[in-house]
Amino acid sequence: MTRFAFQIHARDGKARTGTIQMRRGEIRTPAFMPVGTAATVKAMKPESVRETGADIILGNTYHLMLRPGPERMARLGGLHKFMNWTRPILTDSGGYQVMSLSDLRKLTEEGVTFRSHIDGSKHMLTPERSMEIQRLLGSDIVMAFDECPRADRPLAEIEASMELSMRWAARSRAAFDAGGEHAGGAALFGIQQGALDEGLRARSAAALREIGFDGYAIGGLAVGEGQDAMFATLDFAPGQLPEEAPRYLMGVGKPDDLVGAVERGVDMFDCVLPTRSGRNGQAFTWNGALNLRNARFAEDTGPLDDRCTCPTCASYSRAYLHHLHRSGEILGAMLLTEHNLSFYQQLMSAMRAAIGEGRFAEWAAGFRRDYFARD
Ligand SMILES: [Zn+2]
């Protein structure tokens, strides 16, 4: 069986649509990966996640290493069996969340030592340990261990961090390849760094190509730089990476971010936004985002979105969702998360179709007209 193959079916401008083949199933690109932080896509059963059209989900190494722990997960048969998700899973390296969530971090050439945000226990993550944890989880797409500095740091600091990440990328490759049976069935992605700087990103891309990966992520964006700066970086960053491999923009984003990034040659995304917003009463629709807590929905008998094909829109009114969110009912989070994840998958499906039919620019213009229209 194919370990990993990426076939591009059609191109339209810089946008591409294709299929990644892996042992646990196919991934249609451009792809959106719902985030399953702690072995669950919050407020969703795995079978419902699949019914939204998701081909792959993301698991967080940092959270799973702290609880339930990778060795325990391996004894329980791995993450897929544990959470009842049989299709591909991509795991991040843990690096980003060590930086954003843990206390008392200490960064050295070897790796990062930190204290758990849950119980204060001390841990160390290195490229080798990150590869081992992702192997114990049974990840299908393993991410190289890297450091992600804030984009507003001085350039010399961003350069030093990028170079460290490239040395860690080589160590990640070696440790992944030493993983025996798991390495024979899984894929490894490298992560480009260099913040907003074209020269640093070019050097990072060259270093990653030299090592060689199955796919390439664009890291260090969506960390507060704003959409204009992100798009300006995406005007050059995807083109620096190998044309024949999937390109994954980590941690992005809003629907209009996804459209703009696909337009610039990105194939894969993950983001907590549709799930987190669903718990906070925010719905994404073809006509923009709605806050269901707003009093104007109190007697609105229509669906969230009249073009949406999800089960929430088929059966529940805006008025009922408004009531559930105002009342703090769990069902409100469940129904809105289901809609948001379905909407994101309908968005990806529409982009794949438009690219396949060579009308992506026209489709994107129509999307923006409707999404940003003020009612
Ligand atoms: Zn819906």
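The values are calculated or read from the model by the stated rules, or taken from the named source; none is laboratory data. Nothing here was measured: the structure is a model prediction, and the numbers come from that model. Using ideal geometry, Cβ is built from the backbone for each residue, glycine included, and neighbour counts are taken over all protein chains shown. Quick note on the areas: whole protein, heavy atoms, side chains included, nothing else; ligands and nucleic acids left out. Shrake-Rupley method; radii C 1.70, N 1.55, O 1.52, S 1.80 Å.
Taking into account only those residues within the stretch 290-305 that are touching a strand residue (DSSP E or B) at 6+ places or on another chain (Cβ under 6 Å) and either part of a strand (DSSP E or B) or open to solvent by 80 Å² or more (accessible area, probe 1.4 Å) (or both), which is farthest from the ligand (Cβ to nearest atom)?
Asn291
Yes or no: Ala350 more than 10 Å from the ligand (Cβ to nearest atom), surrounded by fewer than 21 Cβ atoms within 10 Å (Cβ to Cβ), on the phi < 0 side of the Ramachandran plot and within 21 Å of the chain's Cα centre (by Cα)? Walk me through how you get there before you give the answer.
Working: more than 10 Å from the ligand (Cβ to nearest atom): yes; surrounded by fewer than 21 Cβ atoms within 10 Å (Cβ to Cβ): yes; on the phi < 0 side of the Ramachandran plot: yes; within 21 Å of the chain's Cα centre (by Cα): yes.
Against the criterion (more than 10 Å from the ligand (Cβ to nearest atom), surrounded by fewer than 21 Cβ atoms within 10 Å (Cβ to Cβ), on the phi < 0 side of the Ramachandran plot and within 21 Å of the chain's Cα centre (by Cα)), Ala350 qualifies.
What pairs come out if I take residues in the stretch 364-375 that are over 17 Å from Arg352 (Cβ atoms) and pair them with residues that are at pLDDT 95 or above and part of a helix (DSSP H, G or I) whose C-beta lies under 8 Å away, six or more apart or interchain?
Arg368/Asp256; Arg368/Val259; Tyr371/Pro255; Tyr371/Asp256; Phe372/Asp256
Looking only at helices (runs of 4 or more DSSP H) that fall completely inside the stretch 1-94, which ones have 1 or more residues that are closer than 23 Å to Ser349 by Cβ?
46-51
Which residue out of Gly239, Gly251, Gly328, Gly260 is closer than 20 Å to Leu221 by Cα, more than 16 Å from the ligand (Cβ to nearest atom) and in a loop (DSSP other than H, G, I, E, B)?
One residue alone meets the criteria, Gly251.
Scan the stretch 71-111 residue by residue and report those that are among the β-branched types (Val, Ile, Thr), open to solvent by less than 80 Å² (accessible area, probe 1.4 Å) and within 20 Å of Leu137 (Cα to Cα).
Ile89, Thr91, Val98
For the stretch 156-176, indicate whether the set of residues that are acidic (Asp, Glu), under 20 Å from the mean Cα position of the chain (by Cα) and surrounded by 17 or more Cβ atoms within 10 Å (Cβ to Cβ) is non-empty.
no
Would a scan of the stretch 203-217 turn up a residue that is among the β-branched types (Val, Ile, Thr), modelled with pLDDT of 95 or more and either out of contact with any helix residue (DSSP H, G or I) (no Cβ under 6 Å at 6 or more places or on another chain) or open to solvent by less than 10 Å² (accessible area, probe 1.4 Å) (or both)?
no
Looking only at the stretch 55-102, which residues are touching a Phe, Trp or Tyr at 6+ places or on another chain (Cβ under 7 Å) and in contact (Cβ under 8 Å) with a residue 40 or more places away in the chain?
Residues satisfying the conditions are Met73, Ser93, Gly94, Gly95, Ser102.
From (1) of a type outside the set (Lys, Arg); (2) within 15 Å of the ligand (Cβ to nearest atom); (3) closer than 26 Å to Asp257 by Cα; (4) buried (at least 23 other Cβ atoms within 10 Å of the Cβ), pick out the condition that doesn't hold for Cys308.
(4)
Let's see how each residue does on (1) at pLDDT 95 or above; (2) over 28 Å from Gly239 (Cα atoms):
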site	(1), (2)
Ala15	yes, no
Glu26	yes, no
Glu51	yes, yes
Phe82	yes, yes
Leu90	yes, no
Leu101	no, yes
Val112	no, yes
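Mind counting the residues in the stretch 288-308 that are more than 19 Å from Leu331 (Cβ to Cβ) and in contact with a Phe, Trp or Tyr (Cβ under 7 Å, 6 or more places away or on another chain)?
Here the count works out to 2.
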